[in-house]
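Enquirer: Provided herewith is a single structure, encoded as structure tokens, for subsequent inquiry.
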Amino acid sequence: MKNRKITGLLLDLFRAKKLDIAGADAKFYTDLALRMNDIQALYSELYAAHPGYEENFARLIEVLISAHQNRSATLKKRDDRKAEDWFLSNDLAGMSLYVDRFCGKLADLPGKLDYLRDLGVNLVHLMPIFASPAGESDGGYAVSDFRKVDEKFGTIQDLKKVQAALGKKGMYLMLDIVLNHTSHRHAWAEKAKAGDPIYQDYFYFYDFSTIPEQFEQSMPEVFPQAAPGNFTWVPECKKWVMTVFHNYQWDLNYANPRVFAEMLGNVLYFANLGVDILRIDAPAFLWKQIGTNCQNLPQAHTILRLIKKCVEVAAPGMVLLGEAIVAPHAIMKYFGEGRYRAEECDFAYNATQMALQWDALATGQTSVMHTAQPVLAQKPIGTSWITYTRCHDDIGLGYDDAMIRQAGYDPFPHRQYLKEYYSGDFPDSPARGALFSVNEKTQDARISGTLASLCGLEKAVVEDNESGIALAVQRILLMQAHSMFLGGLPMLFYGDEAAYLNDYSYQDDPARSYDNRWMHRPLIDWKKNARTKTSGTIENQVFAGTKRMISLRKKLSVVADTGNITWLSGHNIHVTGFLRHSAAQKLYCLFNYSSETAFLTWYAFKEHGDVPLKLYDHWGQKEYEVGRDEEYLIFPPYSFYLLEVHCYGSCRFDESSVE
């Protein structure tokens, strides 16, 4: 489409929708006009050869106009108040939770917000809450209606009340959207089963197995045990349909521009519910092509960039998180490349760093972690990580073999050791977890378990081992501190703040027994959580430590993610650390992953600052001076330091003033 034709299309649509481009709708019109070249260019990358190109481009613009018209005045004002980089702030701290397992229903959640605020959490990630069939929900990721809250959680009105309650308390909302697939009970899928060719083209349908077999030659299996293969026979219409995840999750066909417009409408519907961060589930799978592994293809990135441009027009206060759990070099592409650098996803999960922390905890050595940092440092300024130690998912060990080799290890036995360590099979391992999704062909597997159980607390409690409990608590705090000060938005997983152990009751539930990830998705016992207020309890030690970390993070502006991180040289294989720096502050964050006392030469600091160097440890509340005190900085087992430079005696905070 030529510029004159696009201008005519816009003016026609604006007149038809009765927009006032010289008045109330002027900003929307300007934002759209400024991004129109990018929107058309990205759309054309995907659909230039499609016979419905112009019709569906007009539909896309109509979706944007409708979203703008339906966005409340309150949300538009909030868009205007938000700084462009609001999501990079050190003031943010999140928690991810299942509503039903945390508090019951959405209507009950506002009553629990003070508990979260007391901890310091001001962003709440609600795990999937939209309609999905019982017994075929994949934890809510098999959506049958993108605009209806599942009855077990409540209603859309309940969700709106939650968003309003969060807003009143200065808190933010994060929700998931599943773009890759729908439930086979979604209205589109039901129409496809009934033989409607329009809706069969919303999915990947094939009359014969020939093309599915061609796909299968290069497509890996996501769940080789629970859901082998990538296609499912649909008896209602006697066709094959692509089902990369489970046979009840049908992959959407984004080669059809009508699908894009429909799903963009759902994205913006979520935005107009007041979502601040939209978590896009499984974006790596959005485009399929025979002869490839159908993951991380260039068109998937084009889809995300097009969504980003559209969101900037219709809901500029919402940012995007791409849930791409992929190799380190691949994750960088989800922030955008070339002319779209830092213009794709605003956030990505730092899954590599998360896994490397677990690697270091098991081995007591940080060398593999160090090999990954040059790749992770390529993240563009203006984007950020979600940093975390645990989430609803398993722990994958997908960092590059080359990184393991560079650290001096053989990748296969190294990963084998990690699996045995965290499943508790390795002699004297304190961890208690389980292997998830074992691939019998390759022996690849991931790890399930709560933060506390994987850190040794479950074993120590069962054995009534006081010293083991103390070490486990220290491991928990070490892992959380590393995630908290690394750079990004720290995301706690509910229950971890109160030291929940593995829950094995999932084994008695037929709908969950096949998926051992449910062992680390606890059902909250609020009597247990009340023990976070009782001094000396395990719950209190972990909660209080986590709360203190968050309060320190909010006080230390240098922790904001402005690309201001420099990793220290490896002076001690057991100790890792980085320098967070700004014009006004320098903060050394140092972590001992060993079960033994470790020593770090003061030369590690001389590499980055003037001598003599004065330091204040915000965690231990102690002052140090390079060359004046001991020859080394001494680390007890699993300890850490938060050392601020050149503030000797003057940078201590009154922590009692922190909420």
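Enquirer: Test of understanding: among E440, E463, E458, which residue is surrounded by fewer than 20 Cβ atoms within 10 Å (Cβ to Cβ) and modelled with pLDDT of 95 or more?
Expert: Selected residue: E463, the only one of E440, E463, E458 that is surrounded by fewer than 20 Cβ atoms within 10 Å (Cβ to Cβ) and modelled with pLDDT of 95 or more.
Enquirer: Of all residues in region 99-137, which are under 21 Å from N180 (Cβ atoms) and buried (at least 21 other Cβ atoms within 10 Å of the Cβ)?
Expert: Within region 99-137, H125, L126, M127, P128, I129, F130, A131, S132, S137 qualify.
Enquirer: In addition: Residue by residue through region 414-455, note down the ones that are in contact with a Lys or Arg (Cβ under 6 Å, 6 or more places away or on another chain), farther than 26 Å from E221 by Cα and of a type outside the set (S, T, N, Q).
Expert: G424, P430, R432, L451, C455
Enquirer: Which residue, of L523, L492, L477, is surrounded by fewer than 21 Cβ atoms within 10 Å (Cβ to Cβ) and either under 25 Å from the mean Cα position of the chain (by Cα) or not in a strand (DSSP E or B) (or both)?
Expert: L523
Enquirer: Quick one: which residue in G8, G23 is exposed (fewer than 13 other Cβ atoms within 10 Å of the Cβ) and in a helix (DSSP H, G or I)?
Expert: G8
Enquirer: Examine region 530-551 for a residue that is surrounded by 22 or more Cβ atoms within 10 Å (Cβ to Cβ), in a strand (DSSP E or B), touching a residue at least 60 places away in the same chain (Cβ under 8 Å) and not aromatic (F, W, Y), and state whether such a residue exists.
Expert: No: zero hits.
Enquirer: Identify all residues within region 266-308 that are among the charged types (D, E, K, R) and open to solvent by 10 Å² or more (accessible area, probe 1.4 Å); write none if there are none.
Expert: D281, K288, R305, K308
Enquirer: Restricting attention to region 359-415, which residues are open to solvent by less than 30 Å² (accessible area, probe 1.4 Å), of a type in the set (D, E, K, R) and under 15 Å from the mean Cα position of the chain (by Cα)?
Expert: R390, D394
Enquirer: Across region 572-618, which residue is modelled with the highest pLDDT among those that are under 27 Å from the mean Cα position of the chain (by Cα) and assigned to a loop (DSSP other than H, G, I, E, B)?
Expert: Result: Y593.
Enquirer: Considering only region 559-571, state which residues are open to solvent by less than 30 Å² (accessible area, probe 1.4 Å), of a type in the set (A, V, I, L, M) and either free of Cβ contacts under 8 Å to residues at least 60 places away in the same chain or not in a helix (DSSP H, G or I) (or both).
Expert: A560, L568
Enquirer: Separate question: If K161 meets every condition in (1) open to solvent by less than 30 Å² (accessible area, probe 1.4 Å); (2) at pLDDT 95 or above apart from one, which number is that one?
Expert: Of the numbered conditions (1) open to solvent by less than 30 Å² (accessible area, probe 1.4 Å); (2) at pLDDT 95 or above, the odd one out for K161 is (1).
Enquirer: In region 113-136, how many are in contact with a Ser or Thr (Cβ under 8 Å, 6 or more places away or on another chain), farther than 22 Å from L489 by Cβ and outside any strand (DSSP E or B)?
Expert: So the count comes out to 3.
Enquirer: Of all residues in region 243-286, how many are in a helix (DSSP H, G or I) and among the hydroxyl-bearing types (S, T, Y)?
Expert: Matching residues across region 243-286 total 1.
Enquirer: Give just the number: which of (1) touching a helix residue (DSSP H, G or I) at 6+ places or on another chain (Cβ under 6 Å); (2) open to solvent by 20 Å² or more (accessible area, probe 1.4 Å); (3) more than 30 Å from R521 (Cα to Cα) does E55 not satisfy?
Expert: With (1) touching a helix residue (DSSP H, G or I) at 6+ places or on another chain (Cβ under 6 Å); (2) open to solvent by 20 Å² or more (accessible area, probe 1.4 Å); (3) more than 30 Å from R521 (Cα to Cα) applied to E55, the lone miss is (1).
Enquirer: So, in region 175-230, exactly how many residues are exposed (fewer than 14 other Cβ atoms within 10 Å of the Cβ), over 23 Å from A134 (Cβ atoms) and of a type in the set (G, A, S)?
Expert: 3
Enquirer: State all residues of region 158-189 that are over 15 Å from T243 (Cα atoms), not in a strand (DSSP E or B) and not hydrophobic (A, V, I, L, M, F, W, C); if no residue qualifies, say none.
Expert: Within region 158-189, D158, K160, K161, Q163, G167, K168, K169, G170 qualify.
Enquirer: In the set Y506, Y514, which member is aromatic (F, W, Y), open to solvent by 10 Å² or more (accessible area, probe 1.4 Å) and not in a loop (DSSP other than H, G, I, E, B)?
Expert: Testing whether each residue is aromatic (F, W, Y), open to solvent by 10 Å² or more (accessible area, probe 1.4 Å) and not in a loop (DSSP other than H, G, I, E, B) leaves just Y506.
Enquirer: Which of the residues that make up region 309-329 are farther than 25 Å from H68 by Cα and open to solvent by less than 10 Å² (accessible area, probe 1.4 Å)?
Expert: Passing the criteria: A324, P328.
Enquirer: I'm told W233 meets every condition in (1) assigned to a helix (DSSP H, G or I); (2) open to solvent by 50 Å² or more (accessible area, probe 1.4 Å) except one. Can you identify the failing condition by its number?
Expert: For W233, the exception is condition (1).
Enquirer: Quickly run through region 111-136 and pick out the residues that are out of contact with any Phe, Trp or Tyr (no Cβ under 6 Å at 6 or more places or on another chain) and either acidic (D, E) or free of Cβ contacts under 8 Å to residues at least 12 places away in the same chain (or both).
Expert: If the condition is that a residue be out of contact with any Phe, Trp or Tyr (no Cβ under 6 Å at 6 or more places or on another chain) and either acidic (D, E) or free of Cβ contacts under 8 Å to residues at least 12 places away in the same chain (or both), then G111, K112, D114, D118 are the ones that fit.
The values are calculated or read from the model by the stated rules, or taken from the named source; none is laboratory data. Because the structure is predicted, anything quoted here is derived from the model rather than measured. So basically every Cβ, Gly included, is an ideal-geometry build from the backbone, and we count neighbours across all protein chains shown. Quick note on the areas: whole protein, heavy atoms, side chains included, nothing else; ligands and nucleic acids left out. Shrake-Rupley method; radii C 1.70, N 1.55, O 1.52, S 1.80 Å.
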